[in-house]
1. Hey, residue 153 hits all of (1) hydrophobic (A, V, I, L, M, F, W, C); (2) under 15 Å from the mean Cα position of the chain (by Cα); (3) within 15 Å of residue 81 (Cβ to Cβ) but one; which does it fall short on?
2. Any residue in the range 150-173 that's farther than 10 Å from residue 131 by Cβ: show its pairings with residues that are β-branched (Val, Ile, Thr) and at pLDDT 95 or above at Cβ separation under 6 Å, as long as the two are six or more apart or on different chains.
3. Condition first: out of contact with any helix residue (DSSP H, G or I) (no Cβ under 6 Å at 6 or more places or on another chain) and within 13 Å of residue 160 (Cβ to Cβ). Now tell me which residues in the range 184-210 satisfy that.
4. Tell me, yes or no, whether the range 86-104 has at least one residue that is surrounded by fewer than 20 Cβ atoms within 10 Å (Cβ to Cβ), without any contact (Cβ under 8 Å) to a residue 12 or more places away in the chain and closer than 23 Å to residue 193 by Cα.
5. When the residues of the range 117-172 are narrowed to those that are of a type in the set (S, T, N, Q) and in a loop (DSSP other than H, G, I, E, B), which ends up surrounded by the fewest Cβ atoms within 10 Å (Cβ to Cβ)?
6. From the list 84, 120, 95, exactly one residue is under 19 Å from residue 173 (Cα atoms) and modelled with pLDDT of 95 or more. Which is it?
7. Mind listing whichever residues of the range 107-116 are of a type in the set (D, E, K, R) and not in a loop (DSSP other than H, G, I, E, B)?
8. Among 42, 60, which is the only one that is assigned to a helix (DSSP H, G or I), among the aliphatic types (A, V, I, L, M), modelled with pLDDT under 95 and at negative phi?
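The values are calculated or read from the model by the stated rules, or taken from the named source; none is laboratory data. Only a predicted model underlies this, so the values are computations on that prediction, with no experimental measurement involved. Quick reminder, even Gly has a Cβ in these numbers, built from the backbone with ideal geometry, and neighbours come from all protein chains shown.
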Amino acid sequence: MSWGSAIYAWLFGQKPKSKRSAQPESEASPGPHAGGQPGEDLYAHAPETGIGHSQQHRWLFDEGVLHWNQHRSENDFKPVFPGLNFVKEAAKSRLWGRPADLVGEERVILNGVNWRFADLQGCILARADLRQAQLQGANLRSANLSGANLSGADLNDSDLRGAVLDGAILARATLVNANLSGASMKGANFAWADMRHTIVGARNLQEASIFGALREGSVALVPLK
């Protein structure tokens, strides 16, 4: 120890920091929860994917849409169900049944579900009841939505490239900035839908009903020969 260090220790009762330890406190010492159980404060800014897939599955299939929407309002997480066959998974859950105001056989009941920014790529949702569903920014690429009822659903900014919408009902749905390029839409009903700035295949759109649909600024893609 040098004379300067000795005098410093005598005056202040402690050793001065060496050059090695003279680093920012955030780098010199681990966080308060390092090596132990994390505190609740660490989850204040948890990533959107912080909720496990199995937990999300239980919330939706076991508790139903109402409780699912409540969980989403209380926890900021991203719904992740890529490639899931909802028709098969929901058959023995509370999501399966016959809506009182719809005629026909039993189906997956998801009306009003909050699936904003959800990853639903490749999902099977054939004939599902998705009326008034919140699907803003959802990834529905290559999803099977044939015969699904999406009346009044919010599909703004959603990705529906390559999706199957044959026979689907999208009356009064909003699809502003949605991308439907390559989507199959045979017999789909877009009556009175808001399709402003929607990207859609011109040939595919001819196979659908677009009576009363708002299409200002829409881009109709013509397939290259």
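1. Among (1) hydrophobic (A, V, I, L, M, F, W, C); (2) under 15 Å from the mean Cα position of the chain (by Cα); (3) within 15 Å of residue 81 (Cβ to Cβ), residue 153 violates only (3).
2. Hits for this filter: 154/174; 156/174; 156/176.
3. 184, 188, 190, 193, 195, 198, 199, 200, 201, 204, 205, 208
4. Within the range 86-104, one or more residues are surrounded by fewer than 20 Cβ atoms within 10 Å (Cβ to Cβ), without any contact (Cβ under 8 Å) to a residue 12 or more places away in the chain and closer than 23 Å to residue 193 by Cα.
5. 132
6. Of 84, 120, 95, the one residue that is under 19 Å from residue 173 (Cα atoms) and modelled with pLDDT of 95 or more is 120.
7. 107
8. So the residue among 42, 60 that is assigned to a helix (DSSP H, G or I), among the aliphatic types (A, V, I, L, M), modelled with pLDDT under 95 and at negative phi is 42.
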